[in-house]
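Report on one structure; see the data block that follows.
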Ligand SMILES: Nc1nc2c(ncn2[C@@H]2O[C@H](COP(=O)(O)OP(=O)(O)O)[C@@H](O)[C@H]2O)c(=O)[nH]1
Ligand SMILES: [Mg+2]
């Protein structure tokens with residue numbers, strides 16, 4: 001027998017994170033605040049989609065946006081221009097947010113009077129998917145230029161997301177992106193995933209997305 005001990009550090013990090021995430025969800029439930037974790041590659045259209053979502057829902061819901069980035073405030077400035085409250089979180093080089101970082105952000109933000117908080121996670125298809133942030137639902141955006149094979153290459157993020165927005169459908173004529181194939185591959189990972197094609201640039205499909213999100217918030221609050 002080896003004379004040293006092996007400790008599964010990664011497992012214990014995830015177990016502790018899962019406990020914190022569950023505690024955060026319970027607190028949000030008591031406050032009737034819905035937290036959405038929005039993930040994608042950099043440039044897939046998270047901030048643009050959020051601006052459209054705010055336009056569609058700001059008459060119905062009190063919305064706040066938490067922007068997470070390694071080190072910039074570009075997105076918080078953009079959201080600030082929409083008139084809803086925004087906060088910028090800097091991860092200091094980390095490629096994802098965990099439940100404790102999300103909790104710190106929510107506490108600084110003050111969420112008691114908000115119906116919907118969206119966390120724009122750090123742009124990345126790998127690390128953010130590994131950590132439960134405490135969100136009620138996970139959403140992801142895959143944009144047409146990235147290609148329809150991504151559910152095959154980055155399975156975890158498609159497994160943990162409740163809804164997949166296929167953005168930039170305006171550029172479909174220029175790419176050999178196959179909507180049937182992406183649907184098939186995403187459902188192989190997650191048979192229950194909702195798939196909504198959108199164009200954040202023109203607003204096409206945003207109505208269907210906003211309806212889905214509003215229903216989730218109402219279900220959480222009832
Ligand atoms: N053609 C097209 N461009 C888009 C669309 N949505 C976003 N973009 C552009 O994609 C780039 C990245 O968008 P952004 O929202 O910043 O992505 P993020 O990094 O995921 O937050 C910007 O130049 C947007 O104008 C879309 O539906 N169609
Ligand atoms: Mg952004």
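Once the stretch 1-99 is represented by equal point scatterers at the alpha-carbon sites, with solvent omitted, what log10 I(q)/I(0) does the Debye formula produce at q = 0.11, 0.22 Å⁻¹?
-0.46, -1.28
How would 162, 22 line up from fewest to most surrounding beta-carbon atoms within 10 angstrom?
On the way: 162 18, 22 13.
Sorted ascending by nearby Cβ count, the order is 22, 162.
Using Cα pairs closer than 8 Å and at least 6 residues apart in sequence, work out the relative contact order for the chain, in percent. Spell out each step's value before the answer.
Working: 396 pairs, mean separation 55.3, N = 222.
Dividing the mean separation by the residue count of the chain yields 25 percent.
In the Gaussian network model of the chain, springs joining C-alpha atoms below 10 Å, which of 116, 57, 35 carries the largest mean-square fluctuation?
57
What whole number of Å gives the distance from the Cα centroid of the stretch 1-36 to the Cα centroid of the stretch 80-153?
If you average the Cα positions of each part, the centres end up 17 Å apart.
Give me 87, 141 ranked fewest to most by other Cβ atoms within 10 Å of their Cβ, as a rough exposure proxy.
Values: 87 19, 141 24.
Fewest-to-most Cβ neighbours within 10 Å comes out as 87, 141.
Among 10, 150, rank each residue by its count of other Cβ atoms within 10 Å, from fewest to most, as a rough exposure measure. Mind showing how you got there, number by number?
Working: 10 9, 150 20.
Ranked by crowding around the Cβ, least crowded first: 10, 150.
Between residue 181 and residue 58, 0.36 nm times their residue separation minus their Cα-Cα distance comes to what?
On the way: separation 123, 0.36 × 123 = 44.28 nm, distance 3.44 nm.
Between residue 181 and residue 58, full extension yields 40.8 nm more.
Per residue of the chain, what 222 nm ellipticity follows from adding -39500 (n - 2.57) for every DSSP H run with n ≥ 4, rounded to the nearest 500? Don't jump to the answer; show the numbers that get you there.
On the way: 9 runs with 94 residues, N = 222.
Theoretical 222 nm ellipticity from helices: -12500 deg cm²/dmol.
So, how do all the Cα-to-Cα distances of the stretch 16-221 break down into 10 Å bins, in percent, from 0 on up?
P(r) for the stretch 16-221, in whole percents per bin: 9, 37, 39, 14, 1.
All of the numbers you see were taken from the coordinates with simple rules; none came from a lab. Please read all numbers here as calculations on a predicted model, not as lab measurements. Backbone-built Cβ (ideal geometry, glycine too); neighbour counts: all protein chains shown.
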